[in-house]
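Chemist: Got a structure here, written out as structure tokens. Questions coming.
Each reported figure results from applying straightforward, stated rules to the coordinates on display, with no laboratory input. Every value quoted in this text rests on a predicted model; they were computed, and no experiment measured them. Every residue, glycine among them, receives a Cβ derived from its backbone with ideal geometry; neighbour counts consider all protein chains shown.
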Amino acid sequence: MNVQERFHATCAFEKVDRPIRYETIGFWKETYARWHKEGLSEAINDDIFSAPEYFGFDPQRWLPITPDPTIEPGFWPRFEEEILEEEETYVIKRDNGGNTIKAFTDGHSTIPHIIESPVKTMRDFEEIKWRLDPENPERFSGFLDLMIGYANATTDKYTNIILCGLFGTFRNLMGLKGISIAMRRDPALVHAIARQWVCMHSTLIKMISARVPVDWIYFWEDMSYKNGPMISPAAFKEFMSPYYKELIDSLKADTEIRIFGVDSDGDVWLLIPLFIEVGVNFMLPFEVNAGMDIRRVRETFGNKLTIMGGLDKLALARDVDALRSEVLEKVPFMLASGGYIPALDHAVPPEVPLKHFEYFLEMVRSLA
């Protein structure tokens, strides 16, 4: 099998020659720093190019709608980053998503503190809506053209379009508190944002897929904490379900794309059936520390959902015995059930020694 055939067969719960090799969604920058001291070449330092190739992952080509869908919803042009206040230990700045944030300057990985979000009212949204215009030709004049060219230059690969999901868009535009209030006090604003989300991504994905084969859509959401989702099932059905279904149905009608994946940390149990209802058929990363057991997910939802992840990253930080137990308790069962891509339940943290990660890869791949 080539990589593309292997990926599609996996998602169709068909037999494969071996599992897809993409055993983590990434690495903390502090992890690279530690591993460089432990002998890893300093040329191995990014999650998209050097590290996946070095560790033998199956080639996947990423087509982000925007350089960082985790901080902004697909603006083009993006906001210019601007330092507003600078102190010894932190800076206050406007980021590329238009948020005013407080970020620490010591270089350690952390979630920035959002002081103010760009949208509070319908007027605010109308004033920045032009940045979400899918027809802006400048979207393709640099960044997207470069990524499409890179994907087309690689033959044996599978390709995804990664974008900011709908809840991610709500949160990036309004902040968690702001969107929570707006769902009760200004639902018209929430629906207006959702309609633009569908319009922009339906248009852009069809334009991209006309220029490069696209195997799956990757919605970045991160909409749950350890104890449950940030949105109730009722609010999901009102503000998200119609728009996810509209987008997925439109793409199924006009493209060959049939795999739609959602990435959310935390406890997503209440959200899984709602995502399945609107056409999502792939999820990751299933954080163990939030109570997500991929064996239970498989037993509950069967072949409605391709699963990627679910192996406790912290087991790799403890010792080899913990690592072995985690792999042997889950991977054979999941591979036998089909529709599974063995992977950790999030990016590799700096507590993990390089030799433990290398042994983890060896173990997982030997089970195939």
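Chemist: Local charge sum around F360 (other residues, Cβ-Cβ under 10 Å, Lys/Arg +1, Asp/Glu -1)?
Modeler: Around F360, the surrounding residues sum to 0.
Chemist: Which lysines, if any, have their Cα less than 17 Å from the Cα of K226, not counting same-chain residues under 8 positions apart?
Modeler: Of all the lysines, those that pass the test against K226 - Cα under 17 Å, at least 8 places apart if same chain - are K313.
Chemist: Right, here's the next one. Mind giving me the FRET efficiency for S232 and K355? R0 is 41 Å, r the Cβ-Cβ distance, nearest 0.05 is fine.
Modeler: 0.40
Chemist: Moving on. Can you check what the net charge comes to around L40, using other residues whose Cβ is under 15 Å from the Cβ of L40 (Lys, Arg +1; Asp, Glu -1)?
Modeler: Overall, the nearby charge balance is -3.
Chemist: While we're on this one: Defining a contact as two alpha carbons under 8 Å apart and six or more residues distant in sequence, what relative contact order in percent does the chain show?
Modeler: 20
Chemist: Right, here's the next one. Sort out for me the Cα centre separation of region 95-129 from region 1-47, rounded to whole Å.
Modeler: 31
Chemist: From the helices alone, meaning DSSP H stretches of at least four residues, give me the mean residue ellipticity at 222 nm for the chain, per-run term -39500 (n - 2.57), in deg cm²/dmol to the nearest 500.
Modeler: Result for the chain, helices only: -13000 deg cm²/dmol.
Chemist: Using the Cα centre of region 179-313 as the reference point, and only Cβ charges (+1 on K/R, -1 on D/E), how large is the resulting charge dipole? Debye, rounded to the nearest 20.
Modeler: Dipole of region 179-313, to the nearest 20 debye: 180 debye.
Chemist: What is the list of residues in region 275-291 whose amide nitrogen lies under 19 Å from a point 7 angstrom out from the Cα of E329, following Cα to Cβ?
Modeler: 285-291
Chemist: Normalising by the residue count of region 243-315, find the relative contact order in percent from Cα pairs under 8 Å and 6+ residues apart.
Modeler: This gives 30 percent for region 243-315.
Chemist: Where the only charges are on Cβ atoms (+1 Lys, Arg; -1 Asp, Glu), what is the dipole of the chain about its Cα centre, to the nearest 20 debye?
Modeler: 1060
Chemist: Taking the alpha-carbon set of the chain, what are its Rg and Dmax in Å?
Modeler: Expressed in Å, the Cα Rg and Dmax of the chain come to 20.3, 57.
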